[in-house]
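J.: I'd like to ask you about the structure that follows.
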Amino acid sequence: MYSPSVVASSTDSSNNDNRLFVYEVVGLSQNGNTDKINYPLRRSGNLFITVPYGRMNQEMRRIARLGGKIVSIKPLNGEIPLQMTATSQPTQQASKEIEKGKSMTQAQVKAKDDVPVNIYRPSNPYLGKCVENYSLVREGGQGIVQHLTFDISGGDLRYVEGQSIGIIPPGTDDKGKPHKLRLYSIASTRHGDKLDDKTVSLCVRQLEYEHPETKETVYGVCSTYLCHLEVGADVAITGPVGKEMLLPKDEDATIIMLATGTGIAPFRAFLWRMFKEQHEDYKFKGLAWLIFGVPYTGNILYKQELEELAETYKDHFRLTYAISREQKNAEGGRMYIQHRVAEHSAELWDLIQKPNTHTYMCGLKGMEDGIDAALSAQAAASGTDWATYQKQLKKDHRWHVETY
Ligand code: FAD
């Protein structure tokens, strides 16, 4: 199945030349971290570090670990400075671009383009088969939320963690036209729940609401179709789509995940990739922190597996719940995700400022404002304007939002 290019490493046998590159680094203090690094060139607070080609990856990680940020890379005798962030890892493709003297930003965009998109379009969807459809809501929980798995072995559908697929429900809308596709975040890793590269899984909540005028209960078309889909039934799939929620290749990254309800889907894929699967090219050693908002304990989707992971990987995975109808916030009101973020805002703010931290938000549209407010207050306490800071995080591809 799909396998993105692996990061270059010092053992990369394809590059045994002696070329040198100069990293321009900021954020390493004069008498603190730099002593540990022990690099010679220094000018106006910035460090200029000469790195052999074969050690580029390791040095990037080391600099990031010490809190530094790489602002440019250039060949020792070259002309063109290469702009980049400290979290970036040079992929084989990127490394080739460096050799050619192209900008690292260009190389990164190219690497992103390796992500598969729109293999199947609505005019010609892939017909998958439902092989699993089970409830994720336990006793005391509200609504219907299902975990669905589709067999995709008969085609060319492939995807990576953080992407979505489209589902076209059968039948026609009230104008007699075929239903349009609905997007769903993929809840499995690229290898699928059975690790055989032959399936894709979703986590779907049946939309149910009271019609504002007629007061009748209305059920969503596609979510109802999926939640009640029989095992063995065919389903029309499009995509994959989406590059907003991709997981960085950096194994030492800090990954903050803020989820409400089915917003857990991409994070299940992340966590399964980090901790449940074994890969040659990705061995997660950083910190993953999931803050998960649900109404009742019975609505904690994938509860048992999440708690097992948190127990087994104590040093690398932290799990925090906000259970709105059962827990109280500091003011005695319902405990929503933004209250948990506010409670942990000092720690979160420290983490967010690290150059290799990525923050992801997925789920209900309404969750963004409260979270912004909580982080804004914390940032302001250290004299930082959150809106400006967040803009930069977005530019650096370290702030990822998918709400619906
Ligand atoms: P529809 O029949 O299309 O009805 C939806 C319409 O009902 C709305 O457009 C609105 O007009 C109306 N409506 C809804 N609520 C109310 C209300 N309270 N009062 C009045 N009118 C209302 N969903 C998941 O369950 N899991 C996922 O992982 C997931 N991932 C997504 C990822 C992305 C990128 C996006 C964009 C959406 C995602 N969704 C996910 C949502 C999903 O795409 C559908 O929107 C959802 O399932 C509803 O579709 P439906 O066909 O059931 O509802």
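The values are calculated or read from the model by the stated rules, or taken from the named source; none is laboratory data. These numbers come from a predicted model, not from an experiment. Positions of Cβ are generated from backbone atoms using ideal geometry, with glycine treated the same way; all protein chains shown enter the neighbour counts.
J.: Could you please find all residues in the stretch 355-377 being within 28 Å of Ala265 (Cβ to Cβ) and either assigned to a helix (DSSP H, G or I) or outside the structural domain of Gly263 (by TED's automatic domain parsing) (or both)?
T.: Met367, Glu368, Asp369, Gly370, Ile371, Asp372, Ala373, Ala374, Leu375, Ser376 - these are the residues of the stretch 355-377 that are within 28 Å of Ala265 (Cβ to Cβ) and either assigned to a helix (DSSP H, G or I) or outside the structural domain of Gly263 (by TED's automatic domain parsing) (or both).
J.: In addition: Is there any pair linking a residue in the stretch 195-211 that is over 20 Å from Tyr302 (Cβ atoms) to one that is within 9 Å of the ligand (Cβ to nearest atom) and outside any strand (DSSP E or B), with Cβ under 7 Å and at least six apart or on different chains, and which?
T.: Taking only residues 6 or more apart or on different chains, the pairs are Leu207/Gly220; Leu207/Ser223.
J.: If you check His316, His400, His339, His344, which single one turns out to be away from the ligand (no atom under 16 Å from the Cβ) and either modelled with pLDDT under 95 or touching a Ser or Thr at 6+ places or on another chain (Cβ under 8 Å) (or both)?
T.: Only one candidate qualifies: His344.
J.: Which residue is farthest from the chain's Cα centre (by Cα), if the candidates are limited to the stretch 377-404 and must be of a type in the set (Asp, Glu) and surrounded by 14 or more Cβ atoms within 10 Å (Cβ to Cβ)?
T.: Among those residues, the one meeting the criterion is Asp396.
J.: Can Ala374 be described as exposed (fewer than 13 other Cβ atoms within 10 Å of the Cβ) and touching a residue at least 12 places away in the same chain (Cβ under 8 Å)?
T.: No: the conditions fail for Ala374.
J.: Only one of Gly261, Gly220 is in the same structural domain as Asp350 (by TED's automatic domain parsing), within 12 Å of the ligand (Cβ to nearest atom) and more than 15 Å from the chain's Cα centre (by Cα). Can you tell me which?
T.: After applying the criteria, what remains is Gly261.
J.: Now, a different point. Quick one: Leu157 ticks every box in (1) part of a loop (DSSP other than H, G, I, E, B); (2) near the ligand (Cβ under 7 Å from one of its atoms); (3) surrounded by 13 or more Cβ atoms within 10 Å (Cβ to Cβ); (4) not hydroxyl-bearing (Ser, Thr, Tyr) bar one, so which box is it?
T.: Here Leu157 meets the rest and fails (2).
J.: I'd like to know if the stretch 244-251 contains one or more residues that are within 11 Å of the ligand (Cβ to nearest atom) and touching a Ser or Thr at 6+ places or on another chain (Cβ under 9 Å).
T.: Yes: one or more hits.
J.: Within the stretch 224-235, can one find any residue that is within 12 Å of the ligand (Cβ to nearest atom), within 21 Å of Tyr134 (Cβ to Cβ) and among the hydrophobic types (A, V, I, L, M, F, W, C)?
T.: yes
J.: Determine if the stretch 326-340 includes at least one residue that is in the same structural domain as Ala269 (by TED's automatic domain parsing), in a loop (DSSP other than H, G, I, E, B), touching a helix residue (DSSP H, G or I) at 6+ places or on another chain (Cβ under 7 Å) and hydroxyl-bearing (Ser, Thr, Tyr).
T.: Yes, because at least one residue in the stretch 326-340 is in the same structural domain as Ala269 (by TED's automatic domain parsing), in a loop (DSSP other than H, G, I, E, B), touching a helix residue (DSSP H, G or I) at 6+ places or on another chain (Cβ under 7 Å) and hydroxyl-bearing (Ser, Thr, Tyr).
J.: Does Gln106 satisfy the criteria of being modelled with pLDDT under 50, surrounded by fewer than 19 Cβ atoms within 10 Å (Cβ to Cβ) and outside any loop (DSSP other than H, G, I, E, B)?
T.: yes
J.: If you don't mind, there's one more thing I want to ask. Which pairs have Cβ atoms under 9 Å, sit 6 or more apart or on different chains, and link a residue in the stretch 325-349 that is more than 20 Å from Thr297 (Cβ to Cβ) to one that is in a loop (DSSP other than H, G, I, E, B)?
T.: Final answer for the pair search is Ala342/Asn329; Ala342/Ala330; Trp349/Ser382; Trp349/Thr384.
J.: Could you tell me whether Phe275 is within 25 Å of Ile152 (Cα to Cα), over 13 Å from the mean Cα position of the chain (by Cα) and free of Cβ contacts under 8 Å to residues at least 60 places away in the same chain?
T.: For Phe275, the condition - within 25 Å of Ile152 (Cα to Cα), over 13 Å from the mean Cα position of the chain (by Cα) and free of Cβ contacts under 8 Å to residues at least 60 places away in the same chain - is met.
J.: Show me the strands (runs of 3 or more DSSP E) entirely contained within the stretch 160-266 in which 1 or more residues are surrounded by fewer than 23 Cβ atoms within 10 Å (Cβ to Cβ) and of a type in the set (D, E, K, R).
T.: 182-185, 199-205, 208-210, 234-241
J.: Here is a further query. Going residue by residue through the stretch 185-195, is there one that turns out to be within 18 Å of Asp156 (Cβ to Cβ), in contact with a Leu (Cβ under 9 Å, 6 or more places away or on another chain) and within 9 Å of the ligand (Cβ to nearest atom)?
T.: Yes, there is a match, as at least one residue in the stretch 185-195 is within 18 Å of Asp156 (Cβ to Cβ), in contact with a Leu (Cβ under 9 Å, 6 or more places away or on another chain) and within 9 Å of the ligand (Cβ to nearest atom).
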